[in-house]
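Undergrad: Pasting a structure here, questions to come.
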Amino acid sequence: MPFQRPSAVPRRDFLYGLGASLGSVAFSSMLAQAEQENTAEHASATRSPHFPRAKAKHCIFLYMEGGPSHIDTFDPKPQLSELHMKEFHRSGEEQSAMSSGKRYYVESPFKFHKAGDSGADMCELWEHLSGVADELCFFRGCQVESVNHPTANYHVNTGNRFGGDPSLGAWVNYGLGSENQDLPGFIVLPELAYPQGGAANWSNGFLPTALQGTPLRPKGSPILDIAPPEGISRQHQRENLDFLQQINARHAARHPQHAQLAARMENYELAFRMQMEVPGVLNIDGENQQTLDRYGIGLAPTDNFARRCLLARKLVEQGVRFVQVYCSTWDSHDYIAKAHGALIPTVDRPIAALINDLKERGMLEETLIVWMGEFGRTPDNGVRGGGLAYGRDHNPDAMTIWMAGGGCKAGHTVGATDEIGATAVENVHHVRDFHVTLLRLLGLDDNKLTYYHAGRFKQLSQFGGKVIDELIA
């Protein structure tokens with residue numbers, strides 16, 4: 001039989017067939033690898049948002065680690081006064097050891113009032129925040145999945161209960177880049193002790209290392225080795241760094257597949273630039289006394305948190321994209337009157353000052369402020385050791401989050417919990433939907449903000465979410 005030359009395959013048919021073969025997997029991997037190398041080399045470069053009309057350009061995330069009680073802060077439940085001290089028994093395979101057994105209802109030890117023209121519900125201890133109530137947007141419909149602190153922290157901060165994924169701040173910087181090439185795009189202001197789960201709460205995960213959060217130490221030098229050793233000049237440092245760059249560049253040329261080397265080289269350069277930029281940004285001595293007094297700096301009990309709130313304002317003012325400020329010990333299982341009664345005054349004045357400060361500087365509209373913990377609290381408590389202590393256990397089904405600035409719907413309360421605050425019943429959304437909404441306020445589309453890793457394109461919401469339109473102005 002005579003040989004017949006196979007007919008040429010049209011280009012369109014060839015590309016269509018490629019999509020249905022193993023070649024498509026390899027082709028996708030090659031495209032993703034090229035994109036990742038480009039991202040690693042330019043991780044801090046400013047990028048355009050998916051939604052150019054979005055107002056928020058920066059985010060200050062006030063994280064109340066431990067789980068603040070919505071029932072004792074912003075979501076009053078008068079019916080608990082009728083149920084106070086009434087005992088009952090809860091059982092079932094779906095109940096944890098914490099939530100099962102002999103229980104009793106606990107009323108809030110605090111009185112509530114309506115604040116501002118919006119009539120926002122606030123407990124009596126929010127003396128200063130009540131003055132900016134009309135700037136706040138409350139959300140009572142969020143739910144999470146975990147009742148354990150480390151996994152719940154990971155869930156809120158990374159979208160993954162088991163950790164290892166990029167944090168919210170890393171995703172935001174991946175999508176938008178940094179406005180200041182001399183400072184990290186994501187800075188964390190922890191307390192002396194890190195939150196449960198540690199540094200994984202602000203990890204870059206599988207994103208380039210340049211996108212991870214940079215924690216500043218609350219005492220002593222904010223960053224170790226921020227000043228060069230005695231006897232080493234800036235010129236010496238520059239010459240050493242140039243020599244190191246030459247060696248790294250030769251190694252990178254021989255091993256182009258090692259994309260992380262470019263990010264490491266960029267980090268060395270950033271560290272050099274930070275030595276000039278950071279000391280000035282972190283110095284609050286230039287602030288006038290009126291500003292220091294407004295935040296509560298130098299006063300008990302506000303000084304510690306006030307300094308970090310003021311620093312957060314200075315950082316976003318210098319172009320830092322995402323700042324996370326931690327306040328811990330909200331885990332009030334017992335004696336909530338004493339525990340929350342001591343905590344709220346430490347953050348009330350500094351937060352109100354931060355909102356007013358940003359507003360006066362014309363920055364509130366472009367700065368999204370978020371206040372939340374990893375979960376809410378139960379309307380009841382367990383009888384432990386045969387005794388009663390008026391506290392609350394962990395509650396993943398009901399919590400209060402509020403936002404200010406950045407295009408959120410100020411002066412509104414969205415969603416609701418049941419009559420005793422046990423579960424969200426109106427405008428109920430999983431935390432992934434809240435993540436997607438935060439990204440949208442910052443001009444980012446969760447479905448487009450993806451990164452190829454472990455054989456698929458990954459995103460903050462894990463597998464997609466729904467924007468909570470009621471939270472957006």
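The values are calculated or read from the model by the stated rules, or taken from the named source; none is laboratory data. These numbers were taken from a predicted model, which means no experiment stands behind them. Cβ coordinates were reconstructed from backbone atoms using ideal geometry, including for glycine residues, and neighbour counts include every protein chain displayed. To get the accessible areas, we keep the full protein, side chains included, count just its heavy atoms, and leave off ligands, DNA and RNA. Shrake-Rupley method; radii C 1.70, N 1.55, O 1.52, S 1.80 Å.
Undergrad: Quick test of your reading of the structure: V347 fulfils all but one of (1) closer than 27 Å to R321 by Cβ; (2) open to solvent by 40 Å² or more (accessible area, probe 1.4 Å). Name the failing condition by number.
TA: (2)
Undergrad: While we're on this one: Here are some residues: E419, E374. Which one is in a loop (DSSP other than H, G, I, E, B), within 19 Å of I60 (Cβ to Cβ) and acidic (D, E)?
TA: Values: E419 fails: within 19 Å of I60 (Cβ to Cβ).
Among E419, E374, only E374 is in a loop (DSSP other than H, G, I, E, B), within 19 Å of I60 (Cβ to Cβ) and acidic (D, E).
Undergrad: For H435, are the conditions met, namely being in contact with a Leu (Cβ under 7 Å, 6 or more places away or on another chain) and of a type outside the set (A, V, I, L, M, F, W, C)? Lay out the reasoning, then the answer.
TA: Numbers: in contact with a Leu (Cβ under 7 Å, 6 or more places away or on another chain): yes; of a type outside the set (A, V, I, L, M, F, W, C): yes.
Criteria met by H435.
Undergrad: I've got another one for you. Please go through the range 150-173 and give me each residue that is of a type outside the set (D, E, K, R) and open to solvent by 20 Å² or more (accessible area, probe 1.4 Å), ordered by number.
TA: Our first condition is that a residue be of a type outside the set (D, E, K, R); within the range 150-173, this holds for 150-160, 162-164, 166-173.
Within the range 150-173, P150, T151, Y154, N160, F162, G164 meet the criteria.
Undergrad: Given the criteria of a type in the set (V, I, T), more than 29 Å from L442 (Cα to Cα) and in contact (Cβ under 8 Å) with a residue 40 or more places away in the chain, does T378 qualify? I'd like the intermediate steps shown before the answer.
TA: Details: of a type in the set (V, I, T): yes; more than 29 Å from L442 (Cα to Cα): yes; in contact (Cβ under 8 Å) with a residue 40 or more places away in the chain: yes.
The answer is yes for T378.
Here is a yes/no grid of residues against (1) in contact with a Lys or Arg (Cβ under 7 Å, 6 or more places away or on another chain); (2) in contact (Cβ under 8 Å) with a residue 60 or more places away in the chain; (3) outside any loop (DSSP other than H, G, I, E, B); (4) of a type in the set (F, W, Y):
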site	(1), (2), (3), (4)
Y390	no, yes, no, yes
H435	no, yes, yes, no
R440	no, yes, yes, no
D445	no, yes, no, no
F457	no, yes, yes, yes
S461	yes, yes, no, no
K466	no, no, no, no
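Undergrad: Considering the range 56-89 alone, what residues qualify as being open to solvent by less than 60 Å² (accessible area, probe 1.4 Å), not in a loop (DSSP other than H, G, I, E, B) and not hydrophobic (A, V, I, L, M, F, W, C)?
TA: Passing the criteria: H58, Y63, H70, D72.
Undergrad: Looking at (1) crowded, with 16+ Cβ neighbours inside 10 Å; (2) modelled with pLDDT under 95, which one does K359 not meet, given that it meets all the others?
TA: Condition (2) is where K359 drops out.
Undergrad: Same structure, new question: What number of residues within the range 293-342 are free of Cβ contacts under 8 Å to residues at least 40 places away in the same chain and open to solvent by less than 20 Å² (accessible area, probe 1.4 Å)?
TA: Of the residues in that region, 1 qualify.
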